[in-house]
1. Does at least one position in segment 9-23 carry a residue that is part of a helix (DSSP H, G or I), within 27 Å of the chain's Cα centre (by Cα) and either at pLDDT below 95 or within 20 Å of D116 (Cα to Cα) (or both)?
2. Quickly run through segment 91-107 and pick out the residues that are open to solvent by 20 Å² or more (accessible area, probe 1.4 Å) and more than 17 Å from R218 (Cα to Cα).
3. Would segment 478-485 turn up any residue that is among the acidic types (D, E), more than 30 Å from F281 (Cα to Cα), open to solvent by less than 30 Å² (accessible area, probe 1.4 Å) and not in a loop (DSSP other than H, G, I, E, B)?
4. Of the residues in segment 44-70, how many are part of a loop (DSSP other than H, G, I, E, B) and either touching a helix residue (DSSP H, G or I) at 6+ places or on another chain (Cβ under 6 Å) or buried (at least 19 other Cβ atoms within 10 Å of the Cβ) (or both)?
5. Pairs needed: first member in segment 579-595, closer than 15 Å to Y539 by Cα and surrounded by 24 or more Cβ atoms within 10 Å (Cβ to Cβ); second member anywhere, at pLDDT 95 or above and of a type in the set (K, R); C-beta distance under 9 Å; at least 6 residues apart or different chains.
6. Identify, please: which residue in segment 404-448 is surrounded by fewer than 23 Cβ atoms within 10 Å (Cβ to Cβ) and among the aliphatic types (A, V, I, L, M) and is, among those, farthest from T458 (Cα to Cα)?
7. Check K320, K310 and return the single one that is open to solvent by 50 Å² or more (accessible area, probe 1.4 Å) and at pLDDT 90 or above.
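The values are calculated or read from the model by the stated rules, or taken from the named source; none is laboratory data. Since the model is a prediction, treat every value here as computed from it, not as a measurement. Note that each Cβ is placed from the backbone with ideal geometry, even for glycine, and that neighbours are counted across all protein chains shown. These accessible areas exclude ligands, DNA and RNA; they are computed on the full protein's heavy atoms, side chains included. Shrake-Rupley method; radii C 1.70, N 1.55, O 1.52, S 1.80 Å.
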Amino acid sequence: MTYIEQYWEKIKSGEINACRKVKIVYEYLVYCLHHDMVWFEFNELKGNKPIEFIETFCRNTQGRNFGKPLKLELFQKARRQATFGFVHKDTGLRQYTETMLVEGRKNGKTTENACDSGFMLIGDGEGSAECYAVATKKDQALKTYNEFSKMVSLDDDLKKYVVNGKAQIEYPSTFSFMRALGSKDLDSFNAHFVVIDELAAIKKRSIYDDMKQSTSSRDQPLVSSISTNNFVRDNIFDAQYEYASQVIDFMEDFLKKSKKYGHEKVIEMVKQQERTGDVLFQGIIDFEFLPFIYELDDRNEWEDESCWIKANPGLGPIKKIETLRGYVRKAKKDLEFRATVMVKDFNMKENATTRWLLWEDLENLELIGLNERPQGDEFCYGTFEKAFKSMGFNYGIGCFDFAETTDLAAAKILCMRENDPNIYVLSMYWIPEDYVDSRTEEDKIPYRTWVNKGFMRTCQGYKVRKADILAWFQEVQDKLDIYIFDGGYDPWHVSETEEKYLQNNFGKSTWKPVRQGPHTLSGPMHELKEDLKANIVVYNDNPIDKWCLSNIEVKTDTNGNIQPVKPGYGDKNSKIQNKKKIDGAVALIIGYVRLKERWDDYQNMI
């Protein structure tokens, strides 16, 4: 039995109390061990190489076991076996080129960094390997460097072949070296291995980006980011944590769909999403990124000693439990210290927002007016527009969310039928033409695919033209013969000219401004969430609708009322905010405000 399976068995049995994210990752890894994943396979010999290297050549540099060979714990062996054991079927090269480890402080990160650096320098078989320990301050990076330097000094075999210098540690047999770098030392590199220590302390994203890009000419590089959480927000850690969480979301959805549809069908769905851009899975598909996030599942678990291991996998043999007990006792009396314990020992984020919908809450595969799901190019707006017309809707409620002129904009029509509880949604989105391709490339969001399929339209130049959006409502009214008897909009970006257009074309009292605040939005948002969970809201599995709904977070006021916010809310110039759009979800919420306001009138009309 592999170490991956041993660790999973202990998690599954409850012997090890793991957090949700760790459970998902290891269930997924075990699944990959036992199924044909088409692109990659598991090689146990390669997975065991770093473990054997560490336990043979690396020695304890401090404490009672000073000078004795290191013995890795099961969670450490399982992680290395997963990182190094999965390889591409066609080349035999390592599948995972990047890992992210988040765990509480004092769980052995520095020692692990040093061991991994030593293996990648000596044992990975790379010629002229450049290995870098990187941190925002060089003193932090030197912790990893100095730890491996001590290991070299303590082992007779390593001393024979490794040159232990102050500026760099060299392995002359393959012309390889290891160095420590701070943010001021970055230059042009050809890195084989990069370990980024305390990612949460790094404020400049360029440090990560430069080192990641420096690996591009290597066949099987590895970037290893290791960190506790931190109080610094709007940094590379937040972006990477969010990315890692979305990769885990994909793993979870992959497992669920495998149970529902079978392995072969789900593999075909993965291929289809990567080929067409259709959003068939929650999260991000990235088969080269492997996240390990150890954290509490709930903030209230910090006082439950049985839950501490969720954020501290080395609790007991590495991190002393009595020390953590002392921290918790002090934290109960000292609120400022409590914040430190929550962040540094339990990896809890200090923010005021939470995700609004789980994937299973929002996913609805039902299609409007179609018996079978369109395939390939037929899965497009034109197909759904015709099907929408065939439903015979007479009246609808319009809603839109104007964006900043350079951002995404969204509009929708909500329709119902007599004796049918479902609420049917037709959507359209707009984006400036000048930004489509650059944002597709930079944000890794399939804007161009959505444009090609008609779910999104472009506006000439670099601005969203509001006239195009308003004209779409006229198009729906004329082409689909759906009379817009009521509508709502966020007044923030609507001028008097645009209000007059709405009055002249749809009636003076048809469109109403919907103020964006918890007092107005909280009730309809709660109703919308329940209707989404019940699959009453049918939006034709629109990939942009689904994306916007999955991105939205909520802020709760002191009275328990909620309002929608973007991911990264409160972080000035947040990169996460700029990439993850919620405009479609906000437009739908606005529509729900008007639908509930005019419910009785609408039911009488249909």
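1. Taking segment 9-23 as the starting set, the residues that turn out to be part of a helix (DSSP H, G or I) are 9-13, 20-23.
So of that shortlist, the ones also within 27 Å of the chain's Cα centre (by Cα) come out as 9-12, 20-23.
Going one step further and asking which of them are either at pLDDT below 95 or within 20 Å of D116 (Cα to Cα) (or both), we end up with none.
No: segment 9-23 contains no residue that is part of a helix (DSSP H, G or I), within 27 Å of the chain's Cα centre (by Cα) and either at pLDDT below 95 or within 20 Å of D116 (Cα to Cα) (or both).
2. R105, K106, listed by residue number.
3. If we filter segment 478-485 for residues that are among the acidic types (D, E), which is where we start, we get 478, 481.
With the extra rule that they be more than 30 Å from F281 (Cα to Cα), the set shrinks to 478, 481.
Now narrow it down to the ones that are open to solvent by less than 30 Å² (accessible area, probe 1.4 Å): none.
No - not one qualifying residue is present in segment 478-485.
4. Filtering segment 44-70 for residues part of a loop (DSSP other than H, G, I, E, B) gives 58, 60-68, 70.
When the remaining residues are screened for being either touching a helix residue (DSSP H, G or I) at 6+ places or on another chain (Cβ under 6 Å) or buried (at least 19 other Cβ atoms within 10 Å of the Cβ) (or both), the result is 58, 61, 67, 70.
Residues that pass the stated criteria total 4.
5. Matching pairs, first to second residue: G584/K412; A587/K412; L588/K412; G591/K412.
6. Applying the filter and picking the extreme gives M416.
7. Details: K310 fails: open to solvent by 50 Å² or more (accessible area, probe 1.4 Å).
Of the residues listed, the single one that is open to solvent by 50 Å² or more (accessible area, probe 1.4 Å) and at pLDDT 90 or above is K320.
To keep it simple, each residue is scored yes or no on (1) closer than 25 Å to D36 by Cβ; (2) free of Cβ contacts under 8 Å to residues at least 24 places away in the same chain.
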position: V247; (1), (2): yes, no
position: Q272; (1), (2): yes, yes
position: S306; (1), (2): no, no
position: I321; (1), (2): no, yes
